[in-house]
Amino acid sequence: MKKAKIIYNQDYSIAKIDNRIYGSFIEHLGRAVYTGIYEPDHPSADDMGFRRDVFEIVKEINVPIIRYPGGNFVSGYRWEDGVGPVEERPIRPDLAWRAIEPNKIGTNEFVEWAKRANSEVMMAVNLGTRGPEDAKNLVEYCNFEKGTYYSDLRRKHGYEKPHNIKVWCLGNEMDGDWQIGHKTAEEYGRVAHETAKMMKWVDPTIELVACGSSGRGMPTFPQWEATVLEHTYNDVDYISLHTYYGNYDNDTKNFLAKPLEMDDFIKTVISVCDFVKAKKRGKKTINISFDEWNVWYHSNEADRNMEPWMEAPPLLEDIYTFEDAIVVGGMLITLLKHSDRVKIACQAQLVNVIAPIFTVKGGPVIKQTIYYPYMYTSVFGRGTALMPIIHSEKYDSKEITDVPYIDSIAVVNEEKRELVIFGINRDLEEDSIVEINLGGFENIQFKEQVVYINDDIKAKNTPDNPNNVIPQKRNDVKIEGSSVECVFPKLSWNMIRLSY
């Protein structure tokens with residue numbers, strides 16, 4: 001059995017965690033909206049047609065913010081199509097996903113859905129086929145109280161009080177040729193600057209996210225960030241990052257190492273943000289909105305063969321494995337290690353589309369394997385992230401070297417006097433005895449231990465077997481003074497809750 005050592009000290013913190021780091025994403029894509037969150041004929045449907053069974057599971061995660069309505073979809077979206085009487089709304093082809101959009105759910109309905117889910121909305125504007133005026137009008141519609149054309153239009157539509165949406169995305173993945181209205185960095189930087197000016201003139205209290213690179217493999221990365229921020233540094237508060245990982249060649253050791261690529265991606269973008277700040281002689285720090293991240297690869301072949309121009313086609317419906325859940329757990333650890341700069345993050349997406357929650361039309365809702373590390377980290381990872389010092393054996397994979405078998409982050413909640421340790425073991429063959437030294441903490445007491453393991457790394461949760469892969473509660477943590485000892489089983493995700 002291998003051995004590892006982790007050191008945490010109460011005085012060595014990374015940052016106070018912004019709860020929005022546990023955000024998610026709903027796009028008008030596939031079955032995310034229709035038969036995902038909205039299914040008026042479902043037995044659990046509420047007065048607006050929203051599935052109550054989905055609400056219950058979303059509330060368990062405690063999702064603080066949800067990005068909407070896209071995604072690639074937003075770059076061809078006319079927001080006016082989704083407001084007003086439903087029977088008068090146009091049905092349109094969605095070029096991004098080659099589907100039919102009925103516009104039964106739009107801005108007002110989604111704001112109400114988010115409210116019922118105890119979440120906030122992170123609204124994206126179309127900078128693909130549209131521009132500054134349309135974005136300004138949407139801010140006026142959502143956030144202006146009354147007495148103007150668009151604020152009074154909202155009131156006419158039945159929403160007297162402003163929605164007060166505080167976080168806005170300036171387009172989506174504008175660096176990608178697949179994007180409707182794709183732009184060069186110069187073109188996007190200019191239009192983002194002009195759009196931001198007008199949006200903030202309507203509501204100076206909003207925060208804005210500029211589009212960063214769609215992935216670290218983009219040929220324009222990281223010059224894209226530098227050019228965009230040259231134009232928008234004074235206007236925006238965040239720059240976005242997107243990344244997805246997949247085990248395409250069934251190389252699990254390499255797949256498990258992917259959170260290290262995510263770490264490198266974040267570090268590079270931070271460097272660019274700080275370079276532009278220095279070049280501008282600015283005082284404002286640009287933070288990161290990692291507003292798309294997840295595992296995504298299972299559904300690629302099926303998506304290529306999908307018949308076009310359907311309403312709510314089953315697109316991007318990855319059914320996740322146990323090994324996917326360990327990678328997701330590792331990505332969450334990486335985000336928390338950068339909580340000083342990553343203030344918003346959105347696991348993409350929330351329901352059906354590469355999602356932790358899967359629904360059967362007319363039937364049950366299923367918690368996928370990736371649901372559990374996301375839920376536990378969101379619920380118990382609120383507070384201040386502590387700097388980890390990890391002594392672990394390492395391995396080299398096909399693409400990544402010096403991969404530690406053990407990775408970890410700890411979160412201290414001073415109000416609750418609780419310390420929560422999250423950790424993964426990437427070793428496919430051996431358990432590891434982990435010694436955790438906790439400097440500055442006294443009277444440590446055990447509260448809870450959750451271990452996520454499975455003998456079959458390809459095991460899944462399905463409608464026929466929804467509880468095939470679920471975490472276990474254990475109580476084999478040894479505490480002696482300020483030292484904690486436990487076992488991280490081979491290929492496992494772990495959570496230890498302590499009081500002090």
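Of (i) 22.8; (ii) 24.1; (iii) 21.6, which is the value of mean projected area of the Cα convex hull in nm² derived from the coordinates here?
From the options (i) 22.8; (ii) 24.1; (iii) 21.6, the structure gives (i).
Provide the descending list of Cα extents for the stretch 82-204 along its principal axes, expressed in whole angstroms.
40, 35, 28
With θ set to phi - 60° and the Karplus curve 6.51 cos²θ - 1.76 cosθ + 1.60, what are the ³J(HN,Hα) couplings of the stretch 446-460 in order, to the nearest whole Hz, using x for Gly and Pro?
6, 10, 6, 10, 10, 10, 10, 9, 6, 5, 10, 5, 9, 5, 9
Which of the GluC sites (Glu not before Pro) found in the stretch 370-436 are in a DSSP loop and have at most 10 neighbouring Cβ atoms, other than their own, within 10 Å?
Hits after loop and neighbour filter: Glu415, Glu429.
Among the listed pairs Lys258/Lys478; Lys5/Lys337; Lys447/Lys473; Lys166/Lys200; Lys5/Lys460; Lys253/Lys473, which have their C-alpha atoms separated by more than 20 angstrom in this model?
Lys258/Lys478; Lys5/Lys460; Lys253/Lys473
Gain in length, Asn305 to Thr148, computed as 0.36 nm per residue apart minus the alpha-carbon separation, to one decimal in nm?
51.8 nm
Helix 107-116 sits at what angle to the longest principal axis of the chain, using alpha carbons and giving 0 to 90 degrees rounded to 10?
30
Could you put Met199, Met218 in order of accessible surface area, largest first, with the 1.4 Å probe and the full protein assembly present?
The ranking, largest first, comes out as Met218, Met199.
Ignoring everything but the protein chains, give the 1.4 Å probe accessible area of Trp296 in square angstrom, nearest 10.
Approximately 60 Å² for this residue.
Evaluate the distance, in nm, between pseudo-label points positioned 7 Å from the Cα of Phe446 and of Lys279 along their respective Cα→Cβ axes.
That separation, rounded to one decimal, is 5.5 nm.
Given 37 °C and 0.692 mPa s, how large is the Stokes-Einstein diffusion coefficient of the stretch 284-406 in µm²/s, with Rh as the Kirkwood radius over Cα pairs?
Translational diffusion coefficient: 196 µm²/s.
Select from the stretch 109-172 those chymotrypsin sites (Phe, Trp or Tyr not before Pro) which occupy a DSSP coil region and have at most 11 other Cβ atoms within 10 Å, ordered by residue number.
none
Nearest 10 degrees, 0 to 90: what angle lies between the long axis of helix 371-380 and the longest principal axis of the chain (Cα atoms)?
80
With the other protein chains left in place, how much accessible area per residue, in square angstrom, belongs to the chain at a 1.4 angstrom probe?
Ligands and nucleic acids excluded, the result is 39 Å² per residue.
Taking every pair of distinct Cα atoms and averaging 1/r, then inverting, what Kirkwood hydrodynamic radius in Å comes out for the stretch 443-488?
This gives a value of 12.9 Å.
Net charge near Arg417, counting Lys/Arg +1 and Asp/Glu -1 over other residues with Cβ under 13 Å of its Cβ?
Here the charged neighbours net out to -1.
Working with all protein chains in place, sort Phe446, Phe358 by solvent-accessible area computed with a 1.4 Å probe, largest first.
Accessible-area ranking of Phe446, Phe358, largest first: Phe446, Phe358.
Rounded to the nearest 10 Å², what accessible area does Val74 show when all protein chains are kept and the probe is 1.4 Å?
0
Keeping the other protein chains in place, figure out the carbon and sulfur percent of the accessible area of the chain, with a 1.4 Å probe.
Percent of accessible area from carbon and sulfur atoms in the chain: 47.
Before rounding to the nearest 500, sum -39500 (n - 2.57) across all DSSP H runs of length at least 4 in the chain and divide by the residue total; then give [θ] at 222 nm in deg cm²/dmol.
The helix-only estimate for the chain comes to -7500 deg cm²/dmol at 222 nm.
Along the three principal axes, how long is the stretch 23-98 when you take its alpha carbons, biggest first, rounded to the nearest angstrom?
Result for the stretch 23-98: principal-axis Cα extents of 33, 28, 21 Å.
Report the gain in length on full extension from Glu435 to Asp11: 0.36 nm times residue separation, minus Cα-Cα distance, nm rounded to one decimal.
The Glu435-Asp11 span can extend by a further 150.7 nm.
The values are calculated or read from the model by the stated rules, or taken from the named source; none is laboratory data. Keep in mind it's a predicted model, so treat the numbers as computed, not measured. Positions of Cβ are generated from backbone atoms using ideal geometry, with glycine treated the same way; all protein chains shown enter the neighbour counts. Areas reflect the complete protein model, heavy atoms only, side chains present, ligands, DNA and RNA absent. Shrake-Rupley method; radii C 1.70, N 1.55, O 1.52, S 1.80 Å.
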